[in-house]
Every structure is written in structure tokens, then in C-alpha cells.
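Structure first, commentary second.
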């Protein structure tokens, strides 16, 4: 149902060095930086991935991010729906975002997110993909409104 970590990743330092603040490639650090971008070049060709994915930080904080298109990720778990006709990735993003704290062990001094922890969470979703898309669109709209409100 869900696929994890099938994309290559780069170091946090390399990702930060690529950040130009603009471009068609989303840079996905494990930190809370959401607006990192760079332009495509031959020197980064082999590092660029393409997909509709969710990234979740491996340690301490989830910093859950969603992207659809070209991206380069660093030190994240990369999650995607295996069959987009059964589970909408954007719907999955909002599900993960709502449950993200459950993926980190509170008993550890250095909380980690593991594939085992993620696989223990039961996914609940409407059977109809059209309903998942409607729910995801509503949450997306609410997220935009919150961002706009916070900018004033």
C-alpha cells in the first residue's frame, strides 16, 4: 500500500549548498525549511528525483512535507502511495501530518522515526479515491488559509 525510501538522498550539507531559493526543483531538508529550491543543471542530474512524495524527518521532529514533481531530499524517510488508484498521496500526507507525533518514541532521549514504527500505524481512509481527493482538497485549502492568516 505504501512505499518508503526508494529514492536516493544527499547529505544535509550538500542540500543546503544547492539552495538558491528559486527554481523548479524542490529541496527537502529534514528541517522545517519549506521554501528551498534550485534550478536544474547537468551537475545535479543524477541527484534529482521525480514523484509525488511525502518526506518525514528521521529524528526528533517530523517536519512532514509534500511535493509533486522534481525534488532532492536529505536525511528523510520518503513515503508514497504504491497504488494511487487506491490511496491518494495528498490524502496520505494529511493523515501522516495528523499522526506524525505517534511515529517518534517518547521513551528515547533521541526520538527516531523508523519504518517499523510507521508500519504499526493503521491507515484509515475512504475506499473511494474521489472522496480522498475531496478531503485532501479541503485540508489543502484550510492549510492555505492558515498560512495566509499567519502572514498578516
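Every number here is computed from the coordinates shown, using simple stated rules; none is lab data. Everything quoted here is computed from the prediction, not taken from an experiment. Glycine gets a Cβ as well: all are built from the backbone with ideal geometry, and neighbour counts include every protein chain shown.
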Grab the Cα-Cα distance for residue 82 and residue 32, subtract it from 0.36 nm times how many residues apart they are, and report the gain in nm with one decimal.
15.4 nm
Efficiency by 1/(1 + (r/R0)^6): what FRET value for residue 130 and residue 99, r their Cβ-Cβ distance, R0 = 25 Å, to the nearest 0.05?
0.60
Classify segment 40-100 as rounded, prolate or oblate, taking a ≥ b ≥ c as the square roots of the eigenvalues of its Cα gyration tensor: rounded when a/c is under 1.5, otherwise prolate if a/b is larger than b/c and oblate if not.
oblate
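Calculated FRET efficiency, residue 70 and residue 115, Cβ-Cβ r, R0 30 Å, to nearest 0.05?
So the FRET efficiency works out to roughly 0.75.
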Answer rounded, prolate or oblate for segment 1-131, using the Cα gyration tensor with square roots of eigenvalues a ≥ b ≥ c: rounded when a/c is under 1.5, else prolate when a/b is larger than b/c, else oblate.
oblate
